[in-house]
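Notes follow once the structure below has been shown.
The values are calculated or read from the model by the stated rules, or taken from the named source; none is laboratory data. Remember, predicted model here, so these are calculated numbers, not experimental data. Neighbour counts run over all protein chains shown; Cβ positions are idealised from the backbone, glycine included. Ligands, DNA and RNA are stripped out before the accessible areas are found, and what is left, the full protein with its side chains, is counted by its heavy atoms. Shrake-Rupley method; radii C 1.70, N 1.55, O 1.52, S 1.80 Å.
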Amino acid sequence: MQAKNIKNALIIALVVGSLLNTINSYDVIWEGNFTVRNSIKIILTYITPFCVSLYSSTLASKSFEETSKKSTVTEK
């Protein structure tokens, strides 16, 4: 895993998670009715896009590396 992938996943999680929390939990946030259940939902809303972004970028990086290795081998 590359540090660049983690950094990008954190940025995406912050943006997407904030947007989704605003859409899904605005009433809880606005009224301040934080229960354990609501807090877990809010945290998971940030964790989910982080995991998806990190997983997809890691797969893309591996695919790119494999393609680069194959093209290097065929060029020789």
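Entry remark, region 22-46: residues being more than 30 Å from Ser57 (Cα to Cα) and either in contact with a Pro (Cβ under 6 Å, 6 or more places away or on another chain) or open to solvent by less than 90 Å² (accessible area, probe 1.4 Å) (or both) number 6 in total.
Let's see how each residue does on (1) modelled with pLDDT of 85 or more; (2) within 18 Å of Lys4 (Cβ to Cβ):
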{"site": "Arg37", "(1), (2)": "yes, no"}
{"site": "Ile40", "(1), (2)": "yes, no"}
{"site": "Leu44", "(1), (2)": "yes, no"}
{"site": "Leu54", "(1), (2)": "yes, yes"}
{"site": "Val73", "(1), (2)": "no, no"}
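A Cβ distance below 6 Å, combined with a sequence gap of six or more or placement on separate chains, defines the contacts here; from region 4-21, residues that are more than 25 Å from Lys62 (Cα to Cα) reach residues that are open to solvent by 70 Å² or more (accessible area, probe 1.4 Å) and in a helix (DSSP H, G or I) in the pairs Gly17/Tyr46. Go through region 33-61 and give me each residue that's within 16 Å of Ile11 (Cα to Cα) and over 14 Å from the mean Cα position of the chain (by Cα). Result: no residue meets the conditions.
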